[in-house]
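Everything on this sheet refers to the single structure shown next.
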Amino acid sequence: MFQLLLCAAEVSLQQGNHSECLKHARLASGLSVHNSYLFFVHLLLCRAYAAENNIVSLSEEYRRCMELRTDSHIGWICLKVLSLWGPGDFIGAEEFLMKACSAAGGESCLFLCHGAICMEIARQQCDSKYISLAIRSLKKAKETSPTPLPIMSLLLAQAEASLGSIAKWMDNLRDEWFSWPPGMRPA
């Protein structure tokens with residue numbers, strides 16, 4: 001029942017039907033399940049309140065998520081993104097993702113997200129310090145990924161070129177080409 005209500009709430013949110021989303025999510029939050037599952041109901045409620053621009057309820061649900069906690073890295077990332085909703089706080093996102101990368105160790109997607117955020121900060125602030133951070137995270141993402149992730153080598157090529165390394169730029173572009181499945185590569 002819990003999963004069905006959570007799915008119904010998500011579908012309602014995706015369709016823009018916030019009242020149905022809230023109804024299903026509130027019903028799910030009242031069921032007797034482990035706290036690690038309840039975290040995701042309250043995360044969904046956060047998203048619904050954010051969509052309605054209801055900052056008071058969003059703050060209450062955010063606080064509830066912090067109390068419930070989760071072992072899911074993606075859950076923490078989603079919650080952090082919600083905390084940054086509106087101001088576009090890339091510096092805060094970078095700091096959060098850096099901590100998540102330190103805690104997660106081998107999560108290539110976290111390193112990829114951190115590298116991408118660093119690239120955006122470097123673009124906005126013209127600060128090469130963030131290019132260096134991006135290169136470090138993107139290299140770590142490349143090392144820890146079980147399969148090559150499309151876009152990762154392209155971002156790394158862009159970062160390396162920003163620091164003037166043409167040879168590394170070309171190597172990463174070549175790696176990017178082979179990270180795509182053969183049927184998706186341009187002719």
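The values are calculated or read from the model by the stated rules, or taken from the named source; none is laboratory data. Keep in mind it's a predicted model, so treat the numbers as computed, not measured. Neighbour counts are summed over all protein chains in view; Cβ atoms, including those assigned to glycine, are modelled from backbone coordinates with ideal geometry. Areas reflect the complete protein model, heavy atoms only, side chains present, ligands, DNA and RNA absent. Shrake-Rupley method; radii C 1.70, N 1.55, O 1.52, S 1.80 Å.
Mean separation of Cα pairs under 8 Å and 6 or more residues apart, divided by the residue count, gives region 86-176 a relative contact order of 23 percent. What's the angle, to the nearest 10 degrees (0 to 90), between helix 2-14's Cα axis and the longest principal axis of the chain? It is inclined by approximately 70 degrees. Students often get this wrong: which residues of region 117-137 have the backbone nitrogen under 19 Å from the point 7 angstrom along Cα-to-C-beta of Ile91? What the label zone holds, given the 19 Å backbone N cut-off, is 117-134. Just want to confirm a number: the relative contact order over the chain, from Cα pairs under 8 angstrom separated by 6+ residues, in percent. Averaging sequence separation for qualifying contacts and normalising by length gives 11 percent for the chain.
Is it possible to state the helix-based mean residue ellipticity at 222 nm for the chain, with each DSSP H run of 4+ residues giving -39500 (n - 2.57), the sum divided by total residues, to the nearest 500 deg cm²/dmol? What is it?
Working: 10 runs with 143 residues, N = 187.
Helix-only estimate at 222 nm: -25000 deg cm²/dmol.
Modelled label positions at Leu4 and Ala167, each set 7 Å beyond Cα in the direction of Cβ, lie 6.3 nm from each other.
With respect to the chain, whose longest principal axis is taken over its alpha-carbon atoms, helix 90-104 is tilted by about 90°.
Of all accessible surface on the chain at a 1.4 Å probe, what whole percent is carbon and sulfur? In the chain, the share of accessible area belonging to carbon and sulfur is 59 percent. Taking Cα atoms only, the orientation of helix 108-125 departs from the longest principal axis of the chain by about 70 degrees.
The percentage of C-alpha pairs in the chain whose separation is greater than 23 Å is 53%. If you sort Ile135, Ile151 by accessible surface, 1.4 Å probe, largest first, the order is Ile151, Ile135. Listed by chain and number, the lysines whose C-alpha is less than 16 Å from the C-alpha of Lys168, apart from same-chain residues fewer than 8 away, are Lys139, Lys140, Lys142. Residues in the chain average 57 Å² of solvent-accessible surface per residue, probe 1.4 Å, ligands and nucleic acids excluded.
Think of the chain as having a plus end and a minus end, set by charges on the Cβ of Lys, Arg, Asp and Glu; of Leu31, Gln14, Ser162, Ser162 sits farthest toward the positive end of this dipole.
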